[in-house]
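Take a look at the structure set out below.
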Amino acid sequence: MAKNKKVTTSVKVIASILCILALIIGFVGAGFVYIYLNKAESDKFVSGDFEAHFMELGNQYTGDCIYIRSGDTDILIDAGSRENSADAIIEYVDQYVTDGVLEYVIATHADRDHIAAYEGIFEHYKVKTIIDFPLTNKTGDDETNILRTYYEYRDLEVKNGAVHYTALECYEESVEGAQRVYQISKSVEMEILYNYYYEHTSSDENNYSVCLMFNQGDNHYLFTGDLEEDGELELVNYYDGSSEERYSLPHCVLYKAGHHGSKTSTTAELMAQIQPEYVIVCCCAGTPEYTTIEENKFPTQTMIDNVAPYTDNVYIPSMLDEILGYNNSGEPNSWSVTSMNGNIIFACSFGVVNISFSNNDLKLKDTDWFKENRDMPVEWQLLLNNN
């Protein structure tokens, strides 16, 4: 009997040890599961892919057209610069949009160089959601015909099944279906920012621009259309950190330069707030399209100086090639452009940024155009000296 008691005791000890080991393994396993699940949750908005494609538009004019893709979502922001840009835009976008569907179309404001090609875009693609500017000053000038055409084809798209909201309706979520934040993929949000000029008149059409922030975890990408100085200051003042809704504008990995790199946008105040790492300027550098005054041609020295403290990663699709003709007053009225960086693709995949180009990878400061036409900011000069 004593022997059996000893065996029984040994079995109990072994069983106790096994129970303790099971508990330890259980706790450790649970810990790993907890860590894994929470890691998955924390990675929910930082994994995945985001791409922004800044296109050359097939003519000598400056304009905006940016194709965004993330997951299965395709977005087109603006469709400039002229009606015939539709061919260049469609040829480019069709490389990626194989089902003929754009989930979102964003028309930032009513200027020709942002909406002229929408007739062709709306005819070619099925669009699910259209978001555009709440206000415009346009009444009777030539560009009003462009605006009328935009409205006509936008409304036809709505008749065929698209939904339409203004940016103010989205921000306020004031009509059914309108959202301030759209989850465009598992990892990326498209946020409609508040703009004071969504609901207040401005003497400058550019200030009505729809403003967007794409959020990919801690990476933020800012698009402000042609927002001018007044609008940028209102943006900074509104997002002052005073509430959850009015959080401070974050550091932005990518910033699409306001108004094609004019001296009246990309202000020092906005740059100090967002401190961009990459800046894309949608313009044809050095053309006389808007002015013959060299210092006011896009991109301006003012814009360059305001960006320089934060980054030298500045890129531009096109630049002036040559002047082809002059009017009776001796001013250029015809010119050609050529690629600078060409089509520019900014991509962030699982936190890793990559930027590629159809022509060359030169930063603006390293181009011949810059060396001949602009002054090197002190910050960029220091970078060159250190290299």
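Net charge of the neighbourhood of Lys363, taken over other residues with C-beta under 15 Å away and scored Lys/Arg +1, Asp/Glu -1, is -3. Please identify which residues in region 193-229 have an amide N closer than 19 Å to a label point set 7 Å out from the Cα of Thr139, following the Cα→Cβ vector. The answer is 200-208. Close amide H contacts of His220 (hydrogens built in the peptide plane, cut-off under 5 Å, sequence separation of 5 or more or a different chain): Val253, Leu254.
Model label sites at Trp369 and Ser329, defined 7 Å from Cα along the beta-carbon direction, differ in position by 2.5 nm. Full extension of the chain between Glu245 and Thr201 yields a length gain of 13.5 nm, computed as 0.36 nm times the residue separation minus the alpha carbon distance. For the chain, the longest principal axis of the alpha carbon atoms and the long axis of helix 229-238 meet at an angle near 20°. Relative to the longest principal axis of the Cα atoms of the chain, helix 143-159 runs at roughly 40 degrees. Amide H contacts of Cys211 (H built 1.01 Å from N, in plane; Pro and chain starts excluded): Leu193 sit under 5 Å, all sequence-distant by 5 or more or on other chains. Label separation (Tyr290 vs Glu91): 2.7 nm, computed from points 7 Å beyond Cα along the C-beta direction.
Working note: Karplus 6.51/-1.76/1.60 with θ = phi - 60° gives region 320-336 the couplings 4, 9, 7, 7, 9, x, 9, 8, 5, 8, x, 9, x, 10, 8, 7, 10 Hz, where Gly and Pro are set to x.
With a simple spin-label model that places each label point 7 Å from the Cα along the Cα-to-Cβ direction, the separation between Ala268 and Glu152 comes to 4.8 nm. Hand me the GluC sites (Glu not before Pro) from region 231-263 located in a DSSP loop with no more than 11 other Cβ atoms within 10 Å, in residue order please. Answer by residue number: Glu244, Glu245. Taking the Cα centre of the chain as origin and assigning +1 to Lys and Arg Cβ atoms and -1 to Asp and Glu Cβ atoms, the resulting dipole is close to 3080 debye. Distances between placed amide hydrogens fall under 5 Å for His164 paired with Ile130, all partners being 5 or more residues away or on another chain.
Efficiency by 1/(1 + (r/R0)^6): what FRET value for Asn360 and Tyr238, r their Cβ-Cβ distance, R0 = 35 Å, to the nearest 0.05? Here the calculated transfer efficiency is 0.35. If the limit is 32 Å between Cα atoms, which of Lys159/Lys186; Lys138/Lys256; Lys138/Lys263; Lys126/Lys256; Lys128/Lys363 go over it? Among Lys159/Lys186; Lys138/Lys256; Lys138/Lys263; Lys126/Lys256; Lys128/Lys363, the Cα-Cα distance tops 32 Å for Lys128/Lys363.
In the chain, the longest principal axis of the Cα atoms and the axis of helix 2-42 are about 10 degrees apart. 3J(HN,Hα) couplings calculated from phi for region 301-315 with the Karplus curve 6.51 cos²θ - 1.76 cosθ + 1.60 (θ = phi - 60°) are, in sequence order, 4, 4, 4, 4, 5, 6, 7, 3, x, 10, 6, 10, 7, 10, 9 Hz; Gly and Pro show x. From the alpha carbon centroid of region 190-267 to that of region 108-124 is 21 Å.
Read-outs: derived from the displayed coordinates by stated rules, not from any lab. Values in this document were obtained by computation on a predicted structure and should not be read as measured data. When we count neighbours, we look across all protein chains shown, and the Cβ atoms used for this are built from the backbone with ideal geometry, even at glycine.
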